[in-house]
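Heads up, the thing below is written out as structure tokens.
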Amino acid sequence: MGAVADAIEAKLTAALAPSRLEVVDDSARHQGHAGHREGGESHFNLTIEAQAFAGKGRVARQRLVHQALSEELAGPVHALSIVALAPGES
């Protein structure tokens with residue numbers, strides 16, 4: 001993984017203590033589109049499972065992720081696809 005992906009993983013781990021975390025750099029699929037940068041790390045797919053999401057709706061879950069990654073979303077990350085699950089959900 002690159003520096004941005006590492007930062008995403010570290011910040012989400014610290015903020016939400018996930019039981020499952022998958023960070024996938026999907027930038028290559030967006031070459032030539034808005035927000036793409038040379039070297040990638042501009043578009044990510046994220047799957048995260050955390051107890052912090054239990055009892056929360058989809059928007060509240062995404063807000064928690066966005067809060068943890070505010071610096072990355074204001075800078076190098078152009079797009080972030082989020083699948084946020086509570087334990088036991090699929």
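Things worth noting here:
- Identity of the residue in segment 1-11, in a helix (DSSP H, G or I) and surrounded by 12 or more Cβ atoms within 10 Å (Cβ to Cβ), that ends up nearest to the chain's Cα centre (by Cα): 8
- Identity of the residue in segment 67-82, at pLDDT 95 or above and surrounded by 14 or more Cβ atoms within 10 Å (Cβ to Cβ), that ends up farthest from residue 3 (Cα to Cα): 82
Let's see how each residue does on (1) closer than 16 Å to residue 2 by Cβ; (2) surrounded by fewer than 20 Cβ atoms within 10 Å (Cβ to Cβ); (3) modelled with pLDDT of 95 or more:
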site	(1), (2), (3)
33	no, yes, no
37	yes, yes, no
40	yes, yes, no
52	no, yes, yes
56	no, yes, yes
59	no, yes, yes
63	no, yes, yes
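- Looking only at segment 12-31, and only at residues there that are modelled with pLDDT of 95 or more and part of a strand (DSSP E or B), the one that is surrounded by the fewest Cβ atoms within 10 Å (Cβ to Cβ): 20
- Pairs are defined by a Cβ separation below 9 Å, a sequence spacing of at least 6 or placement on different chains, a first member in segment 7-18 that is touching a residue at least 60 places away in the same chain (Cβ under 8 Å), and a second member that is part of a loop (DSSP other than H, G, I, E, B); the pairs so defined are 7/69; 7/76; 8/1; 8/69; 8/77; 11/69.
The values are calculated or read from the model by the stated rules, or taken from the named source; none is laboratory data. Here the structure is a predicted model, which means the values were calculated and not measured. Don't worry about glycine lacking a Cβ; one is built from the backbone with ideal geometry, like all the others, and counts go over all protein chains shown.
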